[in-house]
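First comes the structure, then the notes that go with it.
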Amino acid sequence: MDDVEITDVDDENTPYQVHRGPLKNQDLSSVSLTVGELLSQYGWHLLVVSVLVYLLIQHLMKRFRQREQHAEPQTHQDVASVVRNQEAMEAARRRMQEELDAKAAAFREKQKQVEEEKRKQKIEMWDSMQQGKSYKGAQRAVQTSEEAGPSTTVLKPKTDKKPLRGSDYNPLTGEGGGSCSYRPGRRGPSSGG
């Protein structure tokens, strides 16, 4: 800055005056010198970083283009396939519901038939009891009539089979049979001195 003049005035009321000369184009040699020094010290590092940044930008652009190309056709295809899948699922649900309804109707019909058979048996038992016949005789008559006609359920009378263990069998106390007979100790005060 050779063109600047500073004059000092002894007068206290007069401020400092700065005279500037005409502006000139400054040389960029100082700026290029610092860039040169920067490249000489960190050149390889800057080169590697700039190549990596360039490759990263290329990779991201490639992925972005692929997404744009695949996004539009897949949307139309996805919408159509989703609609087809939903229609197929709805049809399958309808079929399953119809099958379930048919099975429920068949079950209700079977239940009605079973109830009707039970009602008929009760009426026949009541009639046989009114006539003085035994309950077992009424059951035998019902069984013979059922064997003659087709029916879905057959009631069998209880048979008098001997149980494997007696009715007084208690597995906790060991009473009533069995090879292992544990008897709990007597309750009360202990006997001792």
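The values are calculated or read from the model by the stated rules, or taken from the named source; none is laboratory data. In this text the structure is predicted, and so the values were computed from the model without any measurement. Glycine gets a Cβ as well: all are built from the backbone with ideal geometry, and neighbour counts include every protein chain shown. Note: areas computed on protein heavy atoms with side chains; ligands, DNA, RNA excluded. Shrake-Rupley method; radii C 1.70, N 1.55, O 1.52, S 1.80 Å.
General observations
- Residues (open to solvent by less than 70 Å² (accessible area, probe 1.4 Å) and either modelled with pLDDT of 95 or more or touching a Phe, Trp or Tyr at 6+ places or on another chain (Cβ under 6 Å) (or both)) located in segment 74-92: Ala88, Ala91, Ala92
- Residue within segment 105-113 that is open to solvent by 100 Å² or more (accessible area, probe 1.4 Å) and in contact (Cβ under 8 Å) with a residue 40 or more places away in the chain present: yes
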